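Participant: Structure provided below as structure tokens; questions to follow.
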Amino acid sequence: MPVIATAGHVDHGKSTLVRALTGRDPDRWEEEKRRGLTIDLGFAWAMLGNREVGFVDVPGHERFIKNMLAGVDGADAALFVVAADEGWKPQSEEHLGVLDLLGTSPGVIALTRADLVDTDHLELAAVAVAESLDGTTLAGSEIVPTAAPTGVGLDRLRAALTTMVAGLEPPDRDRPRLWIDRAFTVEGAGTVVTGTLVDGMIKVGDTLALYPGETPVRVRGLQVHERSVDEVGPGNRTAINLSGADRSLIERGTMLGRPGEWRATRRLVATLDPMRGHEPIRGDRGSFHLHAGSGSWPARVRSIADGVVLVDLDGEVPLRAGDRYILREVGRGAVTGGGRVLDPRPTGRTRAVRSTLGHLAKHATTPDDAASRLLAVRGIAAVSDLAADTGGGSPDDAVITGKLAVSPETNRTISQRAVERIGTFHEANPFKPGMPRTTLARELGLGADTLDAIIATVGGVVVDGAAVRLADHRPAAAATDDPGWGSARADLDAAGAAPPRADELGLHPDAVRALIASGDLIPVGPFAYLPETVDSLLETVATLPDGFTVGDFRDIMAITRKHAIPLLEWLDDRGVTRRVGDGRVVRR
């Protein structure tokens, strides 16, 4: 269901026109009726063609610009009102500037009080309005002369609005998001909030959360235009009966969404375009309020590049990349600019934030595009955080590892560092099969899962159990190429069945382990044998008589007891021999 916001100078007939189109009085307060002046937001609805359309009637007086800003942000289109007898006025200009900054389009222009001027004056007024719209999002909008009290032009206006809303499509984002503009208590029902559901779907029974704070609440009931419904989709003005909600904690600007799907922030990077007729904001001067959704918050603004600012907020605001905002100067009470959020959670000092602008120079066109840009800035980020900061976006071309995403650039940097670190480890430890994965992960500042996912994208690196190595690393070959291996091998060959201990070979312990792993050495207790020596021993053992003793074995092999015992235990462990009493038999 589309929502149309009115806009225009005070007392140009916005509320009168909405009442004529809908049959409902949008002014809710007694003071508004007594003064004939819209002070707060008003709501009404009507059928236009085959679509029901909601109207948000906003105040036109300059003193109530804050309330006006709370009503137009969630609108899909605009009904801009200019009185033919008064023409373009200061609030006409300010309201148009706000709609332009928010990107509100399309629109229809109602030239009201047309019955109070002659034909020539009416034509001149229409030309002047069309010129005033040039260069804005409402440029080229249809201009319809009207006189609501007499009904002049209302049929044509309904036709123009019908054509406009027929071309509107609801957003396709599936995360519910409703900025609350009213909250009150109904006797027997409890807390009720109202707002425009700009994204997603809400159903009776859903568990939602109030942001900031993520306070859980449950949907007890839903109404759309005073009709009870079981579910409501995007674009609808909605009243929601909530359980678990403390009315005193809900104010205009609170947002309703699903738990865990949004994050609040106190700092953001955003584009900033000046209001029509205003100079660009530069430096840190001025006191401002940032308006987004239905709320406003004190803000400090710092220019960090041409058309880009760093904004610090006094309160937490659930904003995502791509959200539009308006900036109002507190002293003058005037709108000075607005733009889009580029990064809702920048980190680091101003210089560090400025260095990220290459990735954020333009606002993203889709949530996925926004997630990719934010990941390029952050390098590594939680997938859920990227989704929360972009309204459900998922980065393209990222390395996803469990709950984390790694940007392509960061992946390349870490991959290069990993290869360099593994290579350094191989040089320092040439005989080890590889670098422990936990050690590499710790040195790179990564979790084991993240390291594995990154390593999987790197050519020439192999994960081998608890170790990781370069694919061309051969620890056994490195050991046999060691200059000390030739001398050690000669000593072992000469020693035959009575070799020296493994730690007496003059080789690095890692080299010994590598030679054992490759089969170039066979460990027998504390000793190391050449494979050919073991083969010769096995041939001799096969000829031994049943019941041979340790002494028999020692004499036949011409070795001492210190070698005989380890050899016999080794033979027993491998099933070559079996103890029977004090002797042994050979398994034939």
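The values are calculated or read from the model by the stated rules, or taken from the named source; none is laboratory data. As the structure is a prediction and not an experimental result, all values here were calculated from the model. Positions of Cβ are backbone-derived with ideal geometry, glycine not excepted, and every protein chain shown enters the neighbour counts. Just the protein is used for accessible areas: all its heavy atoms, side chains included, with ligands, DNA and RNA removed. Shrake-Rupley method; radii C 1.70, N 1.55, O 1.52, S 1.80 Å.
Participant: So which of 174, 181, 199 is surrounded by fewer than 17 Cβ atoms within 10 Å (Cβ to Cβ) and charged (D, E, K, R)?
Facilitator: 174
Participant: Taking the stretch 140-150 as the search range and keeping residues that are open to solvent by 20 Å² or more (accessible area, probe 1.4 Å) and assigned to a strand (DSSP E or B), which one is farthest from residue 97 (Cα to Cα)?
Facilitator: Among residues in the stretch 140-150 that are open to solvent by 20 Å² or more (accessible area, probe 1.4 Å) and assigned to a strand (DSSP E or B), the one farthest from residue 97 (Cα to Cα) is 145.
Participant: Taking only pairs six or more apart or across chains, which ones have beta-carbon atoms under 6 Å, a first residue in the stretch 490-501 that is in contact (Cβ under 8 Å) with a residue 12 or more places away in the chain, and a second residue that is surrounded by fewer than 16 Cβ atoms within 10 Å (Cβ to Cβ)?
Facilitator: 501/526
For (1) surrounded by 24 or more Cβ atoms within 10 Å (Cβ to Cβ); (2) in a loop (DSSP other than H, G, I, E, B); (3) hydroxyl-bearing (Ser, Thr, Tyr), each residue gets a yes or a no:
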site	(1), (2), (3)
286	no, yes, no
291	yes, no, no
298	no, no, no
311	yes, no, no
325	yes, no, yes
331	no, yes, no
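Participant: Go through 378, 442, 373 for me and flag whichever is more than 17 Å from the chain's Cα centre (by Cα) and either under 30 Å from residue 485 (Cβ atoms) or at pLDDT 85 or above (or both).
Facilitator: 442
Participant: Within the stretch 91-139, work out how many residues are open to solvent by 20 Å² or more (accessible area, probe 1.4 Å), among the hydroxyl-bearing types (Ser, Thr, Tyr) and either touching a Leu at 6+ places or on another chain (Cβ under 6 Å) or more than 25 Å from residue 151 (Cα to Cα) (or both).
Facilitator: Adding up the residues that qualify gives 3.
Participant: Any residue in the stretch 513-542 that's over 15 Å from residue 498 (Cα atoms) and open to solvent by 60 Å² or more (accessible area, probe 1.4 Å): show its pairings with residues that are outside any loop (DSSP other than H, G, I, E, B) and of a type in the set (A, V, I, L, M) at Cβ separation under 7 Å, as long as the two are six or more apart or on different chains.
Facilitator: 517/476
Participant: Would you be able to tell me the number of residues in the stretch 1-25 that are over 24 Å from residue 88 (Cα atoms) and not aliphatic (A, V, I, L, M)? I'd like the intermediate steps shown before the answer.
Facilitator: So in the stretch 1-25, the residues over 24 Å from residue 88 (Cα atoms) come out as 1-3, 22-25.
When the remaining residues are screened for being not aliphatic (A, V, I, L, M), the result is 2, 22-25.
Summing the residues that are over 24 Å from residue 88 (Cα atoms) and not aliphatic (A, V, I, L, M) in the stretch 1-25 gives 5.
Participant: Okay, next question. From the list 221, 253, 244, 260, which one is surrounded by fewer than 20 Cβ atoms within 10 Å (Cβ to Cβ), in contact with a helix residue (DSSP H, G or I) (Cβ under 9 Å, 6 or more places away or on another chain), touching a residue at least 12 places away in the same chain (Cβ under 8 Å) and not acidic (Asp, Glu)?
Facilitator: Numbers: 221 fails: in contact with a helix residue (DSSP H, G or I) (Cβ under 9 Å, 6 or more places away or on another chain); 253 fails: surrounded by fewer than 20 Cβ atoms within 10 Å (Cβ to Cβ); 244 fails: in contact with a helix residue (DSSP H, G or I) (Cβ under 9 Å, 6 or more places away or on another chain).
After ruling out the rest, the residue left standing is 260.
Participant: Hey, another quick one. Please verify whether residue 561 is free of Cβ contacts under 8 Å to residues at least 40 places away in the same chain and open to solvent by 80 Å² or more (accessible area, probe 1.4 Å), treating the condition exactly as stated.
Facilitator: Values: free of Cβ contacts under 8 Å to residues at least 40 places away in the same chain: yes; open to solvent by 80 Å² or more (accessible area, probe 1.4 Å): yes.
Judged against the criteria, residue 561 is a match.
Participant: Tell me, yes or no, whether the stretch 170-183 has at least one residue that is among the basic types (Lys, Arg) and under 26 Å from residue 46 (Cβ atoms).
Facilitator: The answer is yes; a qualifying residue exists.
Participant: Which numbered condition trips up residue 188, out of (1) over 25 Å from the mean Cα position of the chain (by Cα); (2) modelled with pLDDT of 95 or more?
Facilitator: Against the list (1) over 25 Å from the mean Cα position of the chain (by Cα); (2) modelled with pLDDT of 95 or more, residue 188 comes up short only on (2).
Participant: Follow-up question, since we're still on this one. Would you confirm whether or not the stretch 347-354 contains a residue that is over 20 Å from residue 199 (Cα atoms), touching a residue at least 60 places away in the same chain (Cβ under 8 Å), open to solvent by less than 50 Å² (accessible area, probe 1.4 Å) and of a type in the set (Ser, Thr, Tyr)?
Facilitator: Here is the first cut: in the stretch 347-354, the residues over 20 Å from residue 199 (Cα atoms) are 347-354.
If we keep only those that are touching a residue at least 60 places away in the same chain (Cβ under 8 Å) too, we end up with 353.
Keeping just the survivors that are open to solvent by less than 50 Å² (accessible area, probe 1.4 Å) gives 353.
Those left that are additionally of a type in the set (Ser, Thr, Tyr): none.
No, the stretch 347-354 contains no residue that is over 20 Å from residue 199 (Cα atoms), touching a residue at least 60 places away in the same chain (Cβ under 8 Å), open to solvent by less than 50 Å² (accessible area, probe 1.4 Å) and of a type in the set (Ser, Thr, Tyr).
Participant: Please count how many residues of the stretch 1-22 are at pLDDT below 85 and open to solvent by 70 Å² or more (accessible area, probe 1.4 Å).
Facilitator: Adding up the residues that qualify gives 1.
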